[in-house]
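Enquirer: The following block contains the structure, expressed as structure tokens.
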Amino acid sequence: MTDVPETSQTRMARLILALRSQGVTDPRVLEAIERTPRELFTPDLFKERAFEDSALPIACGQTISQPFIVGLMTQALTLGPRDRVLEIGTGSGYQTAILSRLARLVYTVERYRTLMKEAEERFKTLNLVNVITRFGDGGEGWAEQAPFDRILVTAAAPEEPKKLLTQLKPNGVLVAPIGKGPVQSLRRYAGDGQGGFKVELLGDVRFVPLLDGVAREL
Ligand code: SAH
């Protein structure tokens, strides 16, 4: 018997099952992942692997996050349909696209112009009209648009991102990988409404570092 090539649908169904078994159980998050064609966000060389639950290389030495981590972080944000979200580290735009399906507006910042341009093309292709992009240093946040209901950092901050926390609403939520080494701790900061935060550890993750300034190369 010859092997019949699997359809994208079968592969996606398997990915969704894998995410669910690892604890991504929010049906709205799973639906957003299911509706977002990851192969559109991966370079040609890796399109075959778009449905694998692993991070993959993209241009500029960066990575598109592992679907499980995207699911975990999105779930931890507890997004509502009226929320305005700030994302730091657009990269391929995959995580941005997932956020855009669950929130009212997504503001996303990237320090590589090339990545930003490519991501903008993808948002256009998918008709994601509620995504607002900016080329710049995300470590500074986006003061003109603050405060945000939710903030997601998709590059590893060396320490608590104090500046970003000041751009969060009093009852907002910020999720970020924190740490200087190759393995970081994923943290969830939930505002207590009085200027303080409840901090929760969500597990170990591996992200590329959050770097200062914009990239000089393309
Ligand atoms: N969310 C992305 C993952 C991107 S990897 C995806 O789903 O594809 C992290 C991204 O953060 C990289 O593109 C990197 O260039 C970017 N980055 C790192 N430091 C940054 C900074 N200070 N400001 C903006 N983007 C930054």
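Enquirer: Quick check on this structure: which one of ILE69, ILE132, ILE64 is of a type outside the set (Lys, Arg) and more than 22 Å from GLU31 (Cβ to Cβ)?
Expert: Numbers: ILE69 fails: more than 22 Å from GLU31 (Cβ to Cβ); ILE64 fails: more than 22 Å from GLU31 (Cβ to Cβ).
On inspection, the qualifying residue turns out to be ILE132.
Enquirer: Before we move on, is THR36 more than 15 Å from the ligand (Cβ to nearest atom), assigned to a loop (DSSP other than H, G, I, E, B) and closer than 26 Å to SER8 by Cβ? Quick ask: steps written out before the conclusion?
Expert: Details: more than 15 Å from the ligand (Cβ to nearest atom): no; assigned to a loop (DSSP other than H, G, I, E, B): yes; closer than 26 Å to SER8 by Cβ: yes.
Considered against the rule, which asks whether it is more than 15 Å from the ligand (Cβ to nearest atom), assigned to a loop (DSSP other than H, G, I, E, B) and closer than 26 Å to SER8 by Cβ, THR36 comes out as no.
Enquirer: Would you confirm, using the coordinates I've provided, whether LEU17 is exposed (fewer than 14 other Cβ atoms within 10 Å of the Cβ), among the aliphatic types (A, V, I, L, M) and not in a loop (DSSP other than H, G, I, E, B)?
Expert: Values: exposed (fewer than 14 other Cβ atoms within 10 Å of the Cβ): yes; among the aliphatic types (A, V, I, L, M): yes; not in a loop (DSSP other than H, G, I, E, B): yes.
For LEU17, the condition - exposed (fewer than 14 other Cβ atoms within 10 Å of the Cβ), among the aliphatic types (A, V, I, L, M) and not in a loop (DSSP other than H, G, I, E, B) - is met.
Enquirer: Among the residues of region 174-189, write down those that are of a type outside the set (Ser, Thr, Tyr), more than 16 Å from VAL208 (Cβ to Cβ) and either free of Cβ contacts under 8 Å to residues at least 40 places away in the same chain or open to solvent by 10 Å² or more (accessible area, probe 1.4 Å) (or both).
Expert: So the first thing to find is which residues in region 174-189 are of a type outside the set (Ser, Thr, Tyr), and the list is 174-184, 186-188.
Filter once more, so that each one left must be more than 16 Å from VAL208 (Cβ to Cβ): 174-175, 187-188.
Result: LEU174, ARG187, ARG188.
Enquirer: Then there's this: Only residues that are within 15 Å of ALA176 (Cβ to Cβ) and within 13 Å of the ligand (Cβ to nearest atom): list them for region 191-218, please.
Expert: Within region 191-218, the first condition is being within 15 Å of ALA176 (Cβ to Cβ), and the residues that meet it are 191, 197-211.
Passing the criteria: VAL205, ARG206, PHE207, VAL208, PRO209, LEU210, LEU211.
Enquirer: Let me ask something additional. Kindly provide the set of residues from region 41-58 that are in contact with a helix residue (DSSP H, G or I) (Cβ under 6 Å, 6 or more places away or on another chain) and within 14 Å of the ligand (Cβ to nearest atom), ordered by number. Talk me through it step by step, then tell me what you get.
Expert: From region 41-58, those in contact with a helix residue (DSSP H, G or I) (Cβ under 6 Å, 6 or more places away or on another chain) are 41, 47, 50-51, 53, 56; that's our starting set.
Across region 41-58, the qualifying residues are PHE41, ALA50, ASP53, LEU56.
Enquirer: Among the residues of region 156-172, count how many are touching a strand residue (DSSP E or B) at 6+ places or on another chain (Cβ under 7 Å) and open to solvent by 10 Å² or more (accessible area, probe 1.4 Å).
Expert: First pass over region 156-172, keeping only residues touching a strand residue (DSSP E or B) at 6+ places or on another chain (Cβ under 7 Å): 156-157, 159-161, 164-165, 167-172.
Then drop every residue that is not open to solvent by 10 Å² or more (accessible area, probe 1.4 Å), which leaves 159-161, 165, 167-171.
Summing the residues that are touching a strand residue (DSSP E or B) at 6+ places or on another chain (Cβ under 7 Å) and open to solvent by 10 Å² or more (accessible area, probe 1.4 Å) in region 156-172 gives 9.
Enquirer: Then there's this: What tally of residues in region 142-159 results from selecting those that are within 13 Å of the ligand (Cβ to nearest atom) and farther than 13 Å from VAL106 by Cα? Spell out how you get there, then give the answer.
Expert: Residues of region 142-159 that are within 13 Å of the ligand (Cβ to nearest atom), as a first pass: 142, 151-158.
Filter once more, keeping what is farther than 13 Å from VAL106 by Cα: 154-158.
Number of matching residues: 5.
Enquirer: Now a separate question. Can you tell me which residues in region 68-90 are within 14 Å of ALA55 (Cα to Cα) and in contact with a helix residue (DSSP H, G or I) (Cβ under 6 Å, 6 or more places away or on another chain)?
Expert: PHE68, VAL70, GLY71
Enquirer: Here is a follow-up. Hand me the list of helices (runs of 4 or more DSSP H) wholly inside region 49-131 holding 3 or more residues that are open to solvent by 10 Å² or more (accessible area, probe 1.4 Å) and closer than 30 Å to GLY191 by Cα. Give the derivation first.
Expert: Working: elements: 67-76, 94-100, 113-125.
Because the criterion is at least 3 residues that are open to solvent by 10 Å² or more (accessible area, probe 1.4 Å) and closer than 30 Å to GLY191 by Cα, the helices (runs of 4 or more DSSP H) in region 49-131 that meet it are 67-76.
The values are calculated or read from the model by the stated rules, or taken from the named source; none is laboratory data. From a predicted model like this one, the values you see are computed outputs, not experimental measurements. Every residue, glycine as well, gets a Cβ built from its backbone with ideal geometry; the counts of neighbours run over all protein chains shown. Calculation scope for accessible area: heavy atoms of the full protein, side chains included, ligands and nucleic acids excluded. Shrake-Rupley method; radii C 1.70, N 1.55, O 1.52, S 1.80 Å.
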